[in-house]
1. Exactly which GluC sites (Glu not before Pro) in region 210-317 are in a DSSP loop and have at most 15 other Cβ atoms within 10 Å?
2. How would you classify region 115-234 from its alpha-carbon gyration tensor, with a ≥ b ≥ c the square roots of the eigenvalues: rounded for a/c under 1.5, else prolate if a/b is greater than b/c, otherwise oblate?
3. Defining a contact as two alpha carbons under 8 Å apart and six or more residues distant in sequence, what relative contact order in percent does region 115-356 show?
4. Specify whether the C-alpha gyration tensor of region 221-267 places it in the rounded, prolate or oblate class, a ≥ b ≥ c being the square roots of the eigenvalues: rounded for a/c under 1.5, otherwise prolate if a/b is larger than b/c and oblate if not.
5. Are there any helices in the chain, counted as whole DSSP H runs, that stretch 20 Å or more along their axis by Cα and score at least -0.5 on average by Kyte-Doolittle, and if so which?
6. Using the crude model of +1 on Lys and Arg Cβ and -1 on Asp and Glu Cβ, and no other charge, please compute the dipole size for region 115-356 relative to its Cα centre, in debye to 20.
7. Is the C-alpha gyration tensor of region 115-356 telling us rounded, prolate or oblate? Criteria: a/c under 1.5 is rounded; beyond that, a/b larger than b/c is prolate, otherwise oblate.
8. What does the convex hull of the Cα atoms of region 20-154 come to per residue, in Å³, rounded to a whole number?
Amino acid sequence: MNATASDTLDLDALVQQAAESFGQAATPADLENAKARFLGKSGHVTALMKGLAQLSVDEKKTRGAAINVAKQAIEAALTARRQALADADLERQLQAEALDVTLPGRQRGQGGLHPISLAWERIEQIFGSMGFDVADGPEIESDWFNFTALGNPPNHPARSMQDTFYVDMSDDEGHPYCLRTHTSPMQIRYATAHARKHAAALARGDMPEVRVIAPGRTYRVDNDATHSPMFHQVEGLWLGENVSFKDLKVTYLNFCKAFFETDDLILRFRPSYFPFTEPSAEIDIQFQTGPLAGHWLEVSGSGQVHPQVVRNMGLDPEKYIGFAFGSGIDRLAMLRYGVNDLRLFFEGDVRFLGQFR
Ligand code: DAH
């Protein structure tokens, strides 16, 4: 009987079995366990080697050589499987850390001005080009400048149109302080300072005209889609010896054309009431083209400065006459940028704010 042939068959089967076990090992730990079963101290190959002891010298040689061949085949299968597992692991890691070198690089986000600041700057620039000075004044304002000097004494019903926040403080004459409800107090502050600065010229009768805008923050007890407790206004004042309502119309129309960058708009001066102007008018704007075409939109209060207000400025109303206006900067910005909810301006969402340049 040919013992060698059947032994070889056993060894081939063993190699086959080892290769299969290695192939089934899904992790390096599984593979080490499988290795122990075939090549370990009490594994199949070791057992075969031990069996050699009972054989004759000649048989030992052939059988020993055959076992060695099988052992090398098993070791080769083990190495191959180790490599395959390591390759698969590396592949997984590369996939997980995949890097797309064609993506654009990360840049530092570019900042920009808030849309209200953009509108504010445009307003200053446009009126500046028409010879208007730009003035700035306190947001915590005395009752005198905010109301009384503007023909709005305590208990005057018009005060209720501008409900505000009061501050627990009063000025030297006992007028309480409040958060200013409009930029109109700047009319008195600026004109008074102007008259003082040009006192000599005023006495000679040739004081330069008062021509100023005063943009700034204003406050009221209001909060909805078109009103915020903090909002922005720009006051305009032009006083001289012969400044008329016609000048107001031309000035405001030119401003609107420049601000909205279109000639396709018309203005309407709608009679109204303010305690510091007589006559008074609301200025409505209508665009002839674009999404808002055909609608009248209120943009400003205005009027001829009331003689008593001129007197409160320290000027003679028989000599100085002119107009004033007070416009909502937020309102102008909403119209210019097509924003329909005022609150968006004050929520600080960069997805919204980043759309304006
Ligand atoms: N101050 C007024 C307001 O906030 C707006 C206004 C109306 C201002 C007429 C003016 C003016 O200068 O002449 O409602």
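1. Counting only loop positions with at most 15 other Cβ atoms within 10 Å, the GluC sites (Glu not before Pro) in region 210-317 are GLU241, GLU261.
2. oblate
3. Values: 447 pairs, mean separation 49.8, N = 242.
Dividing the mean separation by the residue count of region 115-356 yields 21 percent.
4. Oblate, because a/c is 1.5 or more while a/b does not exceed b/c.
5. 3-24, 57-96, 115-129, 245-260
6. 440
7. It comes out oblate by the Cα gyration axes.
8. On the way: hull volume 35.3 nm³, N = 135.
Output value, Cα hull per residue: 261 Å³.
Where a number appears in this text, it was derived from the coordinates with a stated rule and is not lab data. Because the structure is predicted, anything quoted here is derived from the model rather than measured. A quick note on method: Cβ atoms are made from the backbone with ideal geometry, for glycine too, and the neighbour counts reach across all protein chains shown.
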